[in-house]
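Okay, structure first, notes after.
What follows is calculated from the coordinates using simple rules that are stated; it is not laboratory data. In this text, all values refer to a predicted model and were calculated from it rather than measured experimentally. Here Cβ is always computed from backbone atoms with ideal geometry, including for glycine, and neighbour counts include all displayed protein chains.
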Amino acid sequence: MSGPHASRARRAAVLLGVVACIASGCSNSKSAVAKNPHSGDATASPVGGVQQVVMTSGPDLRFHPSTITVHPGKVRVVLKNVAPGGGPPHNIQAPSVPGLAIGEVDAGQTQSATFTAPAPGRYSFVCTFHRAQGQYGTLVVKTG
Ligand SMILES: [Cu+2]
């Protein structure tokens, strides 16, 4: 195939590809991230008799990891705002988990919250500054 028809077909194919990419959110695009805020899992490790899990957050407005698994007992959640060169503050609020609350953590700072794991189940937490951008996480409490 050659001539003007072939090039028109190619243009149409390219256009279709672009539309399909936009419709599916492409990979690594902002819309794909917004649909899937999950950025990894971690299970808390014992540190001085307390299960500890460290999460980082930075300019991408996500918790890393975003799903943390703990067992019954005392839990310490650490939030590090890693933002080389500065970035927005982050926090953690979890209305259904008493004690899981970390106030404003500015770029380069670290704060933690220590609390008793609630009953086994899944609990959502959020950075209230970036709720609209989908900065959510999940606390999973597991027995055994
Ligand atoms: Cu945030």
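Of note:
- Divided by 2.2 N^0.38 Å, where N counts the residues, the Cα radius of gyration of the stretch 76-144 comes to 1.15.
- Extension gain for Thr114-Arg131 works out to 3.8 nm (0.36 nm per residue, less the C-alpha to C-alpha distance).
- Per-pair calculated FRET efficiency, R0 = 25 Å: Val50 and Gln93 via Cβ, rounded to 0.05: 0.75
- Segment Glu104..His64, full-extension length gain: 12.7 nm, with 0.36 nm per residue of separation and the alpha-carbon distance subtracted.
- Positive minus negative residues near Pro88 (Lys, Arg vs Asp, Glu; Cβ under 11 Å): -3
- Under 13 Å from the Ala42 label point (7 Å along Cα→beta-carbon), backbone N, the stretch 55-80: 55-58, 63-70, 76-80
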